[in-house]
Every structure is written in structure tokens, then in C-alpha cells.
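Only the coordinates and a few stated rules stand behind these numbers; no lab work does. Only a predicted model underlies this, so the values are computations on that prediction, with no experimental measurement involved. Glycine gets a Cβ as well: all are built from the backbone with ideal geometry, and neighbour counts include every protein chain shown.
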Amino acid sequence: MKNLYKFIIAFILIALNFFLVRNFRVIPASKLWNGYSVLYVQADYNQFEVEKILKHNECRDFICLNNQDIPLDSGLNSIERLLAKNDYESESYLKNRLNYFFDKNHDFAIYYVSDDYEGELQHALRQLKTLGIKAGVNANTSYPWISFVITLLFAFILLIFSSEKILVFIEFCIPLYFAFLMPFYTVSAALCLLMTGLFFSQKFLGRKGALLYCRKNVLIFLSITISFFIIFLTSPKLIFLLLSTAIAMISAGYIYYEAVNIYNERYSFRPVLICSASMVKVIDKKNRIAIPLCFFATLTILISGCFSLRFINFSLSTDAAGLMLPSRNAEKKVLPDLNDYVVWNWKSITFPYRSLNDSSSSIPKKGDVVNFQRYFEENGKISVKTNSIIFDDSFRSKAVNSIDNFDYNSIEKMLKAQGSYIKPGYSGSGGSSLNFLGIVLLILASGVSCFFYFSFYRTKAKQENKK
């Protein structure tokens with residue numbers, strides 16, 4: 001029964017790791033916006049001139065700051081629209097909506113061009129660059145396979161040379177899942193070192209004093225410690241995910257060994273490892289081949305990736321370096337979405353009929369009602385009728401559908417085309433662009449194993465020669 005509880009806890013830890021990594025995954029989107037390409041032009045260039053160039057190159061359908069209006073489906077002179085024009089407070093939807101038309105640092109103005117004009121947009125971009133204007137197009141970014149492929153190849157080489165192939169295969173599936181959902185070079189570097197530490201330690205598992213020896217072993221200790229340091233450079237928050245991954249790997253190893261023990265209980269003779277962990281050599285013939293091979297394989301893939309645009313999509317323009325553009329799915333929601341629009345729509349429509357003492361900044365709740373009276377003449381008499389505006393699903397549906405009635409290319413039309421589940425914020429202009437720090441750390445991560453290996457092996461050789 002005690003072992004059953006341990007099995008359950010181990011499975012829960014593995015499931016929790018899969019949930020956490022999936023929940024906090026950061027995969028570059030295939031496009032920043034579905035159905036639209038993003039043109040960015042230096043902000044100090046006249047936006048009307050950019051619009052002329054777009055129209056001259058037959059780009060008819062685009063969204064920019066100059067063609068926006070008050071997004072209310074009401075008359076031009078309606079009281080709701082007139083009051084909404086003054087609604088540019090710090091927390092206002094209209095104020096925050098302006099951020100859609102600039103990059104995060106406001107160095108570039110943003111234009112959203114329909115994918116129907118992809119070819120025409122390239123002609124317009126060439127014309128802008130001919131004029132000496134800093135500009136670029138973020139039409140499509142591919143999944144950065146190179147970082148995941150390196151991690152996968154690294155794991156495959158270690159698996160081939162491991163003495164416990166089934167165990168290593170099961171445990172390596174966990175960091176590979178992490179690498180797939182976090183395709184960054186620094187994450188790949190940290191995971192490669194973590195797998196290297198496991199590769200060294202799997203020789204001692206099941207032996208007397210294994211845990212204590214693994215803690216004291218320089219190769220294992222430094223591999224795991226440096227992996228956490230690298231992940232800290234990427235983001236301190238990722239340390240918890242890497243720690244969860246390491247715990248999940250240990251849990252998987254525990255389940256494997258318990259399963260093997262249960263299987264061996266069927267036999268009267270059960271093999272027992274005689275040598276303690278301290279009597280087993282860390283570096284053997286397999287390690288001497290595996291670790292250097294991992295390093296050179298990593299280096300080869302990186303070099304080939306740098307010279308192959310088909311393998312990894314990266315921008316050759318230095319203008320886009322570090323550029324953060326509005327995106328439909330970002331790590332953090334910082335731009336208004338349709339929910340914010342519906343709330344603002346409610347406030348704008350009901351503002352003329354609410355008390356001035358009412359808190360206009362509060363978020364309406366489902367079922368909130370605003371009543372107001374309408375006066376009209378009937379049979380020569382003035383009559384009064386009470387109307388109600390209710391904040392419910394019907395109001396939301398009506399507000400969202402009213403976007404289609406706008407006679408201009410509003411940003412709300414693009415938001416509506418994205419669907420319900422989006423998290424608008426800022427993403428890198430090239431989700432798969434080469435990151436210098438990440439690449440250096442990845443090379444060092446695979447190279448540091450070689451350094452540990454050769455240093456350790458050379459020290460051992462000197463000690464043996466002295467004897």
C-alpha cells in the first residue's frame with residue numbers, strides 16, 4: 001500500500017509538470033494576426049505618404065491609425081458618439097487602442113494589410129526602402145525547429161550510448177516535451193545540460209550510495225547547476241518549470257525501477273548490483289564518444305541552420321532587431337480585446353442616462369440594467385416610455401455584430417476576425433529569429449560537457465600514472 005501511494009504521487013508530479021509546461025508554453029505563432037500581414041514603418045515618416053504608397057501599389061484593404069473612427073454604430077451627431085470623442089482618459093479603451101498602431105517602443109508605425117494583397121505589399125515595401133525609409137513586413141514566421149531538433153538529437157545520441165536505454169528514453173520524453181513547447185536556444189541549452197547530468201547519473205542508479213555520490217560528483221553537480229543558471233538568464237520564472245521537469249524525470253525513474261522490481265519478483269533469483277556507486281567510473285568508453293559527439297552535432301546543426309533559410313526563418317534586416325509588434329497571442333495580455341470593446345461600448349451607450357455620481361470606471365456585471373425615459377407625442381399628448389439597456393449576452397452579441405456595420409477599416413474588424421480566444425500583446429518581430437545569447441549559451445552548454453569530460457579524464461589519467 002505504501003508503494004501504491006508513492007506510485008500515485010509520482011504520477012501526479014509528472015502530470016503536474018505536463019500541465020504547467022503546457023499552460024505556460026511560449027510557441028511563436030505562425031502569424032502575428034490571422035488574415036493580415038504587418039507593415040512597420042519608422043514612426044517619424046509621414047503616415048499619409050505611406051498610405052499613398054500603399055494605394056499606389058494597389059493595397060486597397062489596410063488598417064492604420066489615420067482611418068480609425070469612434071467605433072459606435074450610431075449617427076454621426078448622436079449624443080453617445082459626441083461624448084465618446086472626449087473619452088481619452090488613461091484607462092480608456094480608445095486610449096489603449098492607439099497602441100495597436102505602434103510597436104512597443106513607439107519607434108515604428110504599424111499598418112495591417114490584408115493577406116489578399118501580399119504581393120502588392122512587397123512592392124510597396126520595396127518602394128519605401130528605395131526612399132531610404134526604415135520599414136519591414138512581418139508576414140509569416142515559422143516554428144523555430146532548430147532549437148528543438150538540437151535538443152532531440154542531443155537526447156538521441158545520449159540514448160544510444162546509455163546503458164539503461166528504456167529508463168533514459170522514458171525520462172528524456174519529459175524535457176523534450178518542455179523543449180517543444182519552449183523552443184528557445186537558452187531553454188534548449190539548459191535542457192541539454194540537464195540531460196547530460198542524467199546521462200552521467202544513470203550508471204549509479206540502483207547502487208548503494210547512489211544519491212550521495214551523485215550529489216558529490218563534479219560532472220553531475222555542475223551540469224545540473226549550470227542548467228538552472230542558464231534558465232535563470234532566460235527568465236527567473238522558468239526556474240520553477242525546470243525544477244518541475246527535473247522532479248518529473250526523477251518520478252519517472254522511480255516508477256520505472258519500481259515496475260522492474262515488481263516484474264523481477266516473479267523469479268526466485270533476482271540480480272543485485274554488488275559494486276557501490278563510488279566504485280563505478282563516471283567516464284568510460286561510451287561517454288568518451290557520446291559527449292564530444294553531442295557537441296559537434298550541436299555545432300553542425302547551428303552552422304547549417306545559419307546558412308539555410310529553409311531550415312530556420314530569420315530576418316536579415318537589422319531594423320527589426322528586438323522589435324516587439326502587436327500580436328494576437330502574446331505571453332501577457334497588454335492590449336485591449338473585444339471584451340474590453342464590449343465594456344466600453346456599454347459605458348458609451350449608457351453614459352448619457354447614468355447618474356453623474358455613478359462610477360463610470362467600474363466594470364459592468366452580467367445583468368446590470370440602466371433605465372431611462374423617452375418622451376414622445378401621442379394623440380396630441382406628451383407620453384413617457386421607460387426603456388432599459390441590459391448588460392447580457394444579447395447586448396454583447398449586438399455590440400460585436402455592430403462592428404460589421406462600420407464603413408471604415410476598423411481595428412475591431414481585425415480583432416473580430418481572430419476569434420474568441422486571443423491574448424493580444426507584444427511578440428518579437430521574428431518569433432524564430434536567431435538569438436545571439438541563446439546560441440552562445442547552447443554551444444557552451446554542449447561544450448562545457450566536453451570540458452568537464454576532458455578535465456575529469458585527464459585528472460584521472462594523471463593519478464593513475466603517479467601510481
Hey, which aspartates and glutamates would be in cross-link range of K365, C-alpha to C-alpha under 15 Å, not counting anything within fewer than 8 residues on its own chain?
-> D340, D392, D393
May I ask you to compute the full-extension gain from I170 to E378, defined as 0.36 nm times their residue separation minus their alpha-carbon distance, rounded to one decimal in nm?
-> 66.8 nm
Near the amide H of S427, under 5 Å away, which other amide H atoms are found, from residues 5 or more places off or on another chain, if H is placed in the peptide plane?
-> L325, S327
What is the sum of charges around N329, taking Lys and Arg as +1, Asp and Glu as -1, for the other residues whose C-beta is under 12 Å from the C-beta of N329?
-> +4
Describe numerically, in nm with one decimal, the distance between label points set 7 Å from Cα along Cα→Cβ at D393 and at S74.
-> 2.7
When each of K398/K423; K95/K134; K237/K366 is checked by Cα-Cα distance, pairs over 24 Å | K95/K134; K237/K366
Cα to Cα, under 16 Å, and not fewer than 8 places away if on the same chain: which aspartates and glutamates meet these conditions relative to K6?
-> E258
What FRET efficiency would be calculated for the residue pair K95, E118, taking the C-beta separation as r and a Förster radius of 25 Å, to the nearest 0.05?
-> 0.20
S410's amide H: which non-local residues (gap 5+, or another chain) put their own amide H closer than 5 Å, with H modeled 1.01 Å from N in plane and none for Pro or chain starts?
-> none
